[in-house]
Amino acid sequence: MQTRDDIFNTLRDALVELFELEPERISLGSNLYQDLEIDSIDAVDLIDHIKRQTGKKIAAEEFKSVRTVSDVVEAVYRLVQPAA
């Protein structure tokens, strides 16, 4: 089972690799669109990367409400948790 910290670290590594961001720019409070300058095409790439890493797809509707790195961590955390 992945912790939120594990997810954050994996996500930070993905953002660095995919979008050539400096790791120190990425925090839980970073806004994807304003602080990290992720655009809608980048967001699709990020969703695809998450799908490859987890084997599960985040619904586009759920990703529409995502604004910060913390929001992405929470969305992925909910995705990877076993159904109760």
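The values are calculated or read from the model by the stated rules, or taken from the named source; none is laboratory data. None of these values were measured; they are calculated from a predicted model. Note that we place each Cβ from the backbone using ideal geometry, even for glycine, and neighbour counts take in every protein chain shown.
Only one of ASP35, ASP39 is within 17 Å of ARG12 (Cα to Cα) and out of contact with any helix residue (DSSP H, G or I) (no Cβ under 8 Å at 6 or more places or on another chain). Can you tell me which? I'd like the intermediate steps shown before the answer.
Values: ASP35 fails: out of contact with any helix residue (DSSP H, G or I) (no Cβ under 8 Å at 6 or more places or on another chain).
The unique qualifying residue is ASP39.
For the range 1-46, the set of residues classified as assigned to a loop (DSSP other than H, G, I, E, B) and closer than 14 Å to VAL80 by Cβ consists of MET1, GLN2, THR3, listed by residue number. On inspection, GLU74 qualifies as at pLDDT below 95, surrounded by 14 or more Cβ atoms within 10 Å (Cβ to Cβ) and in a helix (DSSP H, G or I). Within the range 34-71, if we keep just the residues that are surrounded by 13 or more Cβ atoms within 10 Å (Cβ to Cβ) and of a type in the set (Ser, Thr, Tyr), the residue that is modelled with the lowest pLDDT turns out to be THR54. Which members of the range 47-71 meet the condition of being assigned to a helix (DSSP H, G or I) and in contact with a helix residue (DSSP H, G or I) (Cβ under 7 Å, 6 or more places away or on another chain)? Within the range 47-71, ILE47, HIS49, ILE50, GLN53, THR54, GLU62, PHE63, VAL69 meet the criteria.
Taken as a whole, the condition of being modelled with pLDDT of 95 or more, surrounded by 13 or more Cβ atoms within 10 Å (Cβ to Cβ) and either over 14 Å from ASP71 (Cα atoms) or in contact with a strand residue (DSSP E or B) (Cβ under 7 Å, 6 or more places away or on another chain) (or both) applies to PHE19.
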